[in-house]
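Some notes on the structure that comes next.
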Amino acid sequence: MKYGYFDDNKREYVITNPRTPWPWINYLGTKDFFSLISNTAGGYSFCKDAKFRRITRYRYNGVPMDNGGKYFYINDAGTVWNPGWKPCKTELDSYECRHGMNYTIIKGSKNGLEAEVLFFVPLETWAEVQKVTLNNTSDKVKKIQLFSFVEWCLWNAQTDMENFQRNLSTGEVEVDGSVIYHKTEYRERRNHYAYYSVNVPVTGFETDRESFLGLYNGFDEPETVLQGKAKNSIAHGWSPIASHCLEIELQPGESKDLIFVLGYVENDAKEKWESKKVINKTKARQTIARFRSVEDVDKAWSDLKKYWDDLLNAYILKSEDEKLNRMVNTWNQYQCMITFCFSRSASFFESGIGRGMGFRDSNQDLIGFLHQIPERARERIIDIASTQFPDGGCYHQYQPLTKKGNNEIGQGFNDDPMWLIFGTVHYMKETGDFSILDEMVPFDNKPGSEQTLFYHLTVSFDHIIDNLGPHGLPLIGRADWNDCLNLNCFSDNPDESFQTTENKTEGSKAESLMIAGLFVMYGKEYADLCSYIGKHEESVRARKHVANMIDAVKKFGWDGEWFLRAYDFFGKKIGSKENEEGKIFIESNGWCAMAGIGLNEGLVTKALDSVKERLDCEHGIVLNNPAYTTYHIESGEISSYPEGYKENAGIFCHNNPWIMIGETVLGRGDRAWEYYKKICPAYLEELSDLHKVEPYVYAQMIAGKDAYCPGEAKNSWLTGTAAWNYLAITQYILGVRPQYDGLLIDPCIPSDLKSFTVVRRFRGTTYQIEVNNREGSMKGIKQIKVDGKILSGNLLPLIRTDNVVKVEVEM
Ligand code: GLC
Ligand code: GLC
């Protein structure tokens with residue numbers, strides 16, 4: 001069953017039934033100030049850091065689901081309702097939620113009154129703007145009351161839900177006309193406050209939660225709204241909120257707009273106060289003044305839409321498959337931008353207080369938004385590289401507010417260093433900006449330790465070869481890409497985390513074939529880069545190590561029908577026919593296939609055929625098979641999950657594209673395509689009841705064939721799945737792939753795809769690439785014409801022109 005539909009022209013997903021199988025959310029904000037908003041207006045805001053600067057409160061895993069948000073209540077002659085259906089859940093006459101590019105419009109109607117709320121964060125603004133439009137469609141005069149509502153978070157989202165002996169005494173607010181200010185802890189070390197305003201005089205307000213709700217009421221029966229009278233409460237401690245009360249009269253057919261601004265301000269220590277205990281409101285007033293009129297708001301909204309037009313114009317696909325078009329042109333790119341902004345911090349599955357930015361995650365996310373905002377990708381690469389250690393090892397995570405490595409988790413994830421090469425190489429192929437290699441970048445953020453970024457890449461490469469195991473394969477350390485394959489952990493204590501517990505790496509023989517494949521593929525890239533920039537000796541040295549790794553994989557990493565996954569602490573095989581469970585894994589087969597290890601000897605074909613036979617199922621490719629049915633202390637967290645979920649034989653969508661790309665190495669376009677469609681959300685829209693999460697973005701995991709409920713997805717939005725699927729579809733399946741010297745045209749498509757066109761902006765020039773596949777082949781190019789002239793080979797050279805370069809490709 002579907003709960004809505006795609007409006008492709010507007011780039012919106014339109015939800016028409018508020019009872020979605022899980023809250024379907026959207027993100028507002030492009031930089032610093034962000035909000036999460038569900039289809040019933042649940043969610044919260046923060047500035048810069050979801051943990052340390054949480055502006056409004058949200059309760060995860062609450063009952064009922066998704067309670068707390070940016071609510072508007074209407075009291076129309078005793079009937080109380082919300083335009084987004086929740087929290088009152090009064091049956092509406094109509095309901096619609098449009099999630100667009102960083103904006104959401106929620107619209108409901110009841111008894112001849114329409115209420116529409118546009119939510120967005122204007123560009124370069126530390127505030128969320130809400131435009132409320134009320135329209136009297138009845139033939140009678142309507143006198144109604146409108147109440148706004150947000151609940152403040154006491155800034156640190158973690159202590160906010162732990163330290164009640166303090167919290168319940170600290171809350172402070174100020175009310176000035178129609179603006180409610182939240183200033184908890186501003187009296188001491190904080191130099192920031194938040195505010196919530198409306199552009200008309202109010203008849204009343206509430207700032208104390210219990211006054212508004214009534215102590216024993218939920219959000220669905222706020223006392224003030226039900227009584228139709230605000231008490232003008234001023235919060236002293238307990239739980240500060242902000243609610244405006246407005247009396248509104250509407251003639252038949254009349255409509256009115258109101259503008260609310262929910263903002264955040266930072267003041268210099270010297271300028272904190274207007275007078276004793278009275279906060280300096282200058283900056284808040286300035287922002288509020290920018291959004292006084294409907295014209296101001298509409299202008300800011302159209303600027304945001306232009307910003308998105310520009311971002312999305314870098315890659316436009318025209319094909320006969322509308323689902324494919326909408327994923328490639330809109331939703332997949334949008335999700336990539338969201339993962340850039342949020343990494344793995346704040347979603348409806350990530351509480352915003354756990355992980356900061358992941359070293360490997362952020363490097364992988366890069367490839368999804370490079371073509372849109374290369375300057376910010378550059379900055380991100382430098383930030384990430386600054387958390388590396390001099391020996392090439394890396395902090396596994398860092399906190400966005402401080403950009404410092406996170407000591408709690410530390411280092412030792414041995415795939416991490418390679419991802420820096422991965423991110424940087426892709427950045428340079430997109431931009432041609434080699435100057436980034438000369439950038440001076442510190443180690444562990446220590447001033448004085450700076451070396452060039454190129455040097456960082458060298459130590460990344462060397463970190464792998466300095467840490468080889470008994471078979472000449474990379475030692476795994478705490479874990480490789482699979483955080484849950486903890487081969488040196490041996491934890492029997494339920495009170496410790498698999499992720500942070502002390503690892504017994506000393507004397508360990510645990511080696512990773514996933515890192516081996518990654519090293520062969522991106523070690524080669526490192527060597528190619530060295531040749532390209534004239535560092536020939538280094539290139540020769542690197543190639544030798546890559547060749548050794550290939551030998552080691554062929555000798556010790558091949559199991560007969562597929563690539564092994566790893567050797568454990570004791571040197572025993574994992575992911576082998578000799579194992580009873582976990583005989584075969586996706587990661588090593590994906591990476592060794594992409595790297596083309598043993599391609600000529602048929603190893604890649606065999607490995608991918610085994611993947612098809614053993615790992616593929618109706619809903620995608622599972623991570624391992626058979627699933628672990630009991631806890632294996634020597635394998636770690638992977639076996640802690642019930643069969644079919646997460647890393648234990650779930651369909652971990654992040655790694656499915658590794659197999660798709662592997663299939664393109666073999667030229668099997670039909671199969672790559674089949675895998676692509678299986679996990680691609682737009683193709684799963686009809687399955688929403690089973691799939692549960694949003695049909696417009698990828699989920700990290702879909703339950704696998706061994707699960708209780710195969711096909712049920714979780715952890716939508718913040719996942720490397722977004723960037724990897726974007727890479728797979730645009731660069732390997734549609735096959736338009738940036739190189740240092742131009743655009744390589746190398747599609748590997750399903751044989752029944754007869755034609756498609758890609759309009760690609762690349763280093764300032766627009767290429768219109770028309771691919772014709774009259775003979776129904778899957779791979780291989782007969783001829784390419786550039787502006788009418790035959791090109792030799794399939795690398796489009798860089799052409800500097802303001803005209804669109806016309807490229808005709810015959811497969
Ligand atoms: C999560 C982590 C990522 C890891 C993956 C597999 O998505 O963010 O770093 O690679 O799980 O364990
Ligand atoms: C858990 C998850 C894994 C994630 C890790 C991050 O182990 O299973 O997906 O990468 O936590 O801390």
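The values are calculated or read from the model by the stated rules, or taken from the named source; none is laboratory data. Because the structure is predicted, anything quoted here is derived from the model rather than measured. So basically every Cβ, Gly included, is an ideal-geometry build from the backbone, and we count neighbours across all protein chains shown.
Residue-by-condition table, conditions (1) modelled with pLDDT under 95; (2) away from ligand 2 (no atom under 14 Å from the Cβ):
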position	(1), (2)
Asp466	no, yes
Cys484	no, no
Glu496	yes, no
Glu506	yes, yes
Phe519	no, yes
Gly523	no, yes
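Within the span defined as the range 450-458, every residue fails to be within 16 Å of ligand 2 (Cβ to nearest atom), part of a strand (DSSP E or B) and out of contact with any helix residue (DSSP H, G or I) (no Cβ under 7 Å at 6 or more places or on another chain).
Scanning the range 354-393 for residues that are in a loop (DSSP other than H, G, I, E, B) and within 13 Å of ligand 2 (Cβ to nearest atom) turns up Gly354, Arg355, Gly356. Could you go through the range 195-210 and let me know if any residue there is farther than 22 Å from Asn82 by Cβ and either polar (S, T, N, Q) or part of a strand (DSSP E or B) (or both). There is at least one residue in the range 195-210 that is farther than 22 Å from Asn82 by Cβ and either polar (S, T, N, Q) or part of a strand (DSSP E or B) (or both). Taking the conditions exactly as written (away from ligand 1 (no atom under 16 Å from the Cβ), modelled with pLDDT of 95 or more, touching a Lys or Arg at 6+ places or on another chain (Cβ under 9 Å) and closer than 18 Å to Phe563 by Cβ), does Asn625 satisfy them or not? It is true that Asn625 is away from ligand 1 (no atom under 16 Å from the Cβ), modelled with pLDDT of 95 or more, touching a Lys or Arg at 6+ places or on another chain (Cβ under 9 Å) and closer than 18 Å to Phe563 by Cβ. Answer yes if at least one residue in the range 484-507 is touching a strand residue (DSSP E or B) at 6+ places or on another chain (Cβ under 7 Å) and farther than 23 Å from Gly650 by Cα, and no otherwise. Yes.
Among the residues making up the range 486-524, those that are in a helix (DSSP H, G or I) and more than 16 Å from ligand 1 (Cβ to nearest atom) are Ala516, Phe519, Val520, Met521, Gly523, Lys524. Where strands (runs of 3 or more DSSP E) sit wholly within the range 1-56, those with at least 1 residues that are under 18 Å from Ser716 (Cβ atoms) and under 16 Å from the mean Cα position of the chain (by Cα) occupy 25-28, 33-38. In the range 580-634, what count of residues is obtained for those that are closer than 21 Å to Gly523 by Cα, touching a residue at least 40 places away in the same chain (Cβ under 8 Å) and of a type outside the set (Asp, Glu)? Going through the range 580-634 one residue at a time, the tally reaches 15. Taking the conditions (1) farther than 20 Å from Ile515 by Cα; (2) within 16 Å of ligand 2 (Cβ to nearest atom); (3) hydroxyl-bearing (Ser, Thr, Tyr); (4) surrounded by 20 or more Cβ atoms within 10 Å (Cβ to Cβ) in turn, Ser640 satisfies each one other than (4). So if I check each of Gly620, Gly602, Gly575, which one is within 16 Å of ligand 1 (Cβ to nearest atom) and more than 23 Å from Trp724 (Cα to Cα)? From the options Gly620, Gly602, Gly575, the qualifying one is Gly575. Test Tyr315 against the criterion of being hydroxyl-bearing (Ser, Thr, Tyr), over 30 Å from Gln286 (Cβ atoms), more than 14 Å from ligand 1 (Cβ to nearest atom) and touching a residue at least 24 places away in the same chain (Cβ under 8 Å), and give yes or no. Spelling it out, Tyr315 is indeed hydroxyl-bearing (Ser, Thr, Tyr), over 30 Å from Gln286 (Cβ atoms), more than 14 Å from ligand 1 (Cβ to nearest atom) and touching a residue at least 24 places away in the same chain (Cβ under 8 Å). Looking for something more than 16 Å from ligand 1 (Cβ to nearest atom) and either modelled with pLDDT of 95 or more or surrounded by fewer than 24 Cβ atoms within 10 Å (Cβ to Cβ) (or both) - is there at least one such residue anywhere in the range 646-659? The answer is no; no qualifying residue exists.
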